[in-house]
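For reference, the structure I am asking about is given below.
The values are calculated or read from the model by the stated rules, or taken from the named source; none is laboratory data. For clarity, every value in this text was computed on a predicted model and none was experimentally measured. Note that each Cβ is placed from the backbone with ideal geometry, even for glycine, and that neighbours are counted across all protein chains shown.
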Amino acid sequence: MRFVPTVLAALLVTSVATSARANFFTFATQDNTSLFSADPGTTVDVQIFLVETFDPGTETSRLEDDNGLFSAGFRIDRVGPGPSEPAAVLDVTDITANPAFDDTVSQVIALTSTGGAEVVENVDIFVNPQPTVGVLPTTVNAQTRSILLGTITMTAGNTTIEQTDFIIQDNDPTPTTEDTVTFDLFTGGALDDQIQAFNFGVIVPTPGTAWVALAFAVMLRRRR
């Protein structure tokens with residue numbers, strides 16, 4: 001792993017090859033919102049989650065079994081050329097990692113060339129006492145667990161009815177690194193190639209019609 005201290009490298013290599021499980025992982029925004037509405041030049045906060053779903057009748061939560069996450073990595077990129085005045089992340093101060101990933105020395109917070117953001121974060125294990133668990137998931141319902149990875153503040157463009165589309169995906173889709181790893185390195189493993197990407201948009205509505213965009217977002221969410 002590129003951002004994990006070298007002393008852990010050998011351990012992480014052994015963790016990549018893990019037994020196949022039916023658990024499904026995806027990146028997501030708060031409430032699986034696929035369309036955010038923001039007035040011209042204003043901001044909207046987009047929370048990024050790792051979400052796990054499984055069949056509670058035959059499977060258990062891998063995030064719970066493996067004591068949460070040791071590390072996580074994601075990036076947000078604009079899809080396509082975008083509108084004339086696209087929404088964007090304007091400054092690194094608009095990117096907030098989950099403070100539970102408390103190793104600020106190896107943390108990566110950066111802007112992307114497409115107006116998005118990149119975050120790589122991990123738990124500090126070189127503290128006394130050493131942590132016995134990682135960043136633990138929240139129970140959404142019987143078959144769903146989630147972990148907050150960060151919050152991104154998007155600034156909308158200034159032209160109404162223009163929508164900017166983004167994708168949330170592994171921060172190194174190639175991949176040449178494994179950045180999203182469960183805490184139990186020997187029994188757990190890397191999740192990077194198992195995580196589904198997630199698409200969302202930021203739209204600037206016509207004044208007085210913001211409710212239309214919000215209603216559309218609700219409709220899309222109900223179809224999922």
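What is the residue count in the stretch 111-151 for residues that are in contact with a Phe, Trp or Tyr (Cβ under 9 Å, 6 or more places away or on another chain) and closer than 16 Å to Asp91 by Cβ?
Matching residues across the stretch 111-151 total 7.
Name the residues in the stretch 176-200 that are touching a Ser or Thr at 6+ places or on another chain (Cβ under 7 Å), buried (at least 18 other Cβ atoms within 10 Å of the Cβ) and part of a strand (DSSP E or B), would you?
Of everything in the stretch 176-200, those that are touching a Ser or Thr at 6+ places or on another chain (Cβ under 7 Å), buried (at least 18 other Cβ atoms within 10 Å of the Cβ) and part of a strand (DSSP E or B) turn out to be Val181, Ala190, Ile195, Phe198, Phe200.
Also, I was wondering about something else. In the stretch 134-180, which residue that is more than 17 Å from the chain's Cα centre (by Cα) and of a type in the set (A, V, I, L, M) is farthest from Ala190 (Cα to Cα)?
Ile161
For a quick check of your reading of the model, give me the residue pairs whose first member lies in the stretch 51-75 and is in a loop (DSSP other than H, G, I, E, B), whose second is aliphatic (A, V, I, L, M), with beta-carbon atoms closer than 6 Å and at least 6 apart or on different chains.
Within 6 Å, the pairs are Pro56/Ala142; Glu59/Ala22; Asn67/Val133; Gly68/Val133; Gly68/Val135; Gly68/Leu136.
I've got another one for you. If we scan the stretch 165-181, do we find a residue that is modelled with pLDDT of 90 or more, aliphatic (A, V, I, L, M) and more than 19 Å from Gly80 (Cβ to Cβ)?
So far as the stretch 165-181 goes, yes, one or more of its residues are modelled with pLDDT of 90 or more, aliphatic (A, V, I, L, M) and more than 19 Å from Gly80 (Cβ to Cβ).
Give the residues of the stretch 139-175 that are in contact with a Pro (Cβ under 9 Å, 6 or more places away or on another chain) and outside any strand (DSSP E or B), sorted by residue number.
Within the stretch 139-175, Ala142, Gln143, Ala156, Gly157, Asn158, Thr159, Thr160, Ile161, Glu162 qualify.
Okay, next question. For the stretch 101-123, which residues satisfy the criterion of being surrounded by fewer than 15 Cβ atoms within 10 Å (Cβ to Cβ) and assigned to a loop (DSSP other than H, G, I, E, B)?
Residues satisfying the conditions are Thr104, Val105, Ser113.
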